[in-house]
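Visitor: Input: one structure, supplied below.
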Amino acid sequence: MADISRRQELASFLRTRREHLTPLDVGITPGLRRRTPGLRREEVAALSGVSVTWYTWLEQARDITVSRQVLDSLARALQLSPAERQHLFSLAGEPLPAERTVAPPNPALQRLVDVLNPNPAYLLNECWDLLAWNDAEAGLIGDPAALAEFERNIIWLVFTQPAMRELLVDWRGQAKGLLAQFRADIAGRAGDPRVDERVDALRRVSAEFREWWDLHTIEGFRSARHRFDHPRLGRLTVDYVKLAALDSPGVKLFTCMPADAATAEKMPLLVSAPTRHLSALG
């Protein structure tokens with residue numbers, strides 16, 4: 001089942017990347033009669049040095065072997081970004097994704113998250129479930145402890161909580177970026193019941209998630225500056241950082257630092273009086 005899901009995801013990803021390119025992008029003069037959006041299959045096959053039949057089978061999610069050399073050729077032909085190329089290799093099973101289970105974070109990681117107060121900080125697993133957070137994070141977004149376990153997930157909160165749309169100054173831009181990073185992170189977990197359940201539920205409840213998920217946009221994480229309109233403290237501008245825990249595979253630590261003096265003055269107030277502004281908290 002996992003192999004079938006991965007092949008189907010690979011087929012959809014290749015198709016959307018092919019349709020995203022124009023003939024001019026790859027140096028082809030378009031003819032007058034082009035019904036296919038983007039590139040044709042035969043054009044991608046020619047650019048990659050593979051047969052049209054073989055490439056067609058790949059987009060049909062057939063069970064065929066794909067070498068690293070061919071994957072490199074496809075990545076170049078489709079002009080994939082580094083994050084998209086990594087996503088392509090993960091979906092193709094090269095190297096085969098290892099089955100991993102994420103253990104709860106060790107106590108030292110929880111202490112690190114707490115020590116980072118008054119800077120908001122939290123731990124995520126590979127499915128982006130919230131494993132731990134400090135008082136400043138609870139003061140920023142609302143206390144996740146008051147939510148059901150299934151709802152303690154960053155992607156779920158961003159796409160389902162009305163309060164998050166008001167909190168994030170550029171909700172649309174940040175939501176799109178987070179979704180692209182989330183998709184890249186779960187590429188090696190195609191067929192994982194937890195991932196499938198999460199995606200299916202989000203497709204049901206969020207029109208934006210459905211639309212953007214089908215675009216197959218992929219991004220790698222990069223440190224970024226984000227702005228919040230906090231219901232109690234007003235405008236907060238922060239820089240996000242992501243760290244990996246070497247002794248807890250799959251666990252990532254996210255923290256944000258004040259980007260200006262006004263935000264730095266307000267940060268301690270997140271800890272002293274955590275807000276409970278998530279809509280689900282009543």
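Results for (1) within 27 Å of the chain's Cα centre (by Cα); (2) surrounded by fewer than 13 Cβ atoms within 10 Å (Cβ to Cβ); (3) in a helix (DSSP H, G or I), shown as yes or no for each residue.
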{"position": "VAL50", "(1), (2), (3)": "no, no, no"}
{"position": "TRP57", "(1), (2), (3)": "no, no, yes"}
{"position": "ALA75", "(1), (2), (3)": "yes, no, yes"}
{"position": "ARG85", "(1), (2), (3)": "yes, no, yes"}
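Visitor: Something else now. Please go through the stretch 63-73 and pick out each residue that is touching a residue at least 24 places away in the same chain (Cβ under 8 Å) and open to solvent by 40 Å² or more (accessible area, probe 1.4 Å).
Guide: So in the stretch 63-73, the residues touching a residue at least 24 places away in the same chain (Cβ under 8 Å) come out as 63, 66-68, 73.
Those that are touching a residue at least 24 places away in the same chain (Cβ under 8 Å) and open to solvent by 40 Å² or more (accessible area, probe 1.4 Å): ASP63, SER67, ARG68.
Visitor: Just checking, which of PRO37, PRO30 is part of a loop (DSSP other than H, G, I, E, B), farther than 13 Å from LEU78 by Cβ and open to solvent by 70 Å² or more (accessible area, probe 1.4 Å)? I'd like the intermediate steps shown before the answer.
Guide: Working: PRO30 fails: open to solvent by 70 Å² or more (accessible area, probe 1.4 Å).
Going through PRO37, PRO30 in turn, just one is part of a loop (DSSP other than H, G, I, E, B), farther than 13 Å from LEU78 by Cβ and open to solvent by 70 Å² or more (accessible area, probe 1.4 Å): PRO37.
Visitor: Which one is farthest from LEU124 (Cα to Cα), of the residues in the stretch 182-195 that are free of Cβ contacts under 8 Å to residues at least 60 places away in the same chain and open to solvent by 20 Å² or more (accessible area, probe 1.4 Å)? Even if it seems obvious, please write down each step before you answer.
Guide: Going through the stretch 182-195, the residues free of Cβ contacts under 8 Å to residues at least 60 places away in the same chain turn out to be 182, 185, 193.
After this cut, where a residue has to be open to solvent by 20 Å² or more (accessible area, probe 1.4 Å) as well, the list is 185, 193.
On the way: ASP185: 11, PRO193: 18 Å.
Among residues in the stretch 182-195 that are free of Cβ contacts under 8 Å to residues at least 60 places away in the same chain and open to solvent by 20 Å² or more (accessible area, probe 1.4 Å), the one farthest from LEU124 (Cα to Cα) is PRO193.
Visitor: Take the residues of the stretch 242-261 that are assigned to a strand (DSSP E or B) and among the aliphatic types (A, V, I, L, M): which is nearest to GLN110 (Cα to Cα)?
Guide: Looking at residues that are assigned to a strand (DSSP E or B) and among the aliphatic types (A, V, I, L, M), I get LEU253.
Visitor: Report yes if VAL271 is assigned to a strand (DSSP E or B) and touching a residue at least 40 places away in the same chain (Cβ under 8 Å), otherwise no.
Guide: On the way: assigned to a strand (DSSP E or B): no; touching a residue at least 40 places away in the same chain (Cβ under 8 Å): yes.
Considered against the rule, which asks whether it is assigned to a strand (DSSP E or B) and touching a residue at least 40 places away in the same chain (Cβ under 8 Å), VAL271 comes out as no.
Visitor: For the stretch 109-123, enumerate the residues that are closer than 12 Å to VAL271 by Cα and open to solvent by less than 50 Å² (accessible area, probe 1.4 Å).
Guide: First pass over the stretch 109-123, keeping only residues closer than 12 Å to VAL271 by Cα: 114-121.
LEU116, ASN117, PRO118, ASN119, PRO120, ALA121, listed by residue number.
Visitor: Of GLU149, GLU126, which residue is of a type in the set (D, E, K, R), surrounded by 19 or more Cβ atoms within 10 Å (Cβ to Cβ) and either within 12 Å of LEU253 (Cβ to Cβ) or at pLDDT below 95 (or both)? Even if it seems obvious, please write down each step before you answer.
Guide: Values: GLU149 fails: surrounded by 19 or more Cβ atoms within 10 Å (Cβ to Cβ).
Every option except GLU126 fails the conditions.
The values are calculated or read from the model by the stated rules, or taken from the named source; none is laboratory data. From a predicted model like this one, the values you see are computed outputs, not experimental measurements. Quick reminder, even Gly has a Cβ in these numbers, built from the backbone with ideal geometry, and neighbours come from all protein chains shown. Keep in mind that these areas ignore ligands, DNA and RNA; they rest on the heavy atoms of the full protein, side chains included. Shrake-Rupley method; radii C 1.70, N 1.55, O 1.52, S 1.80 Å.
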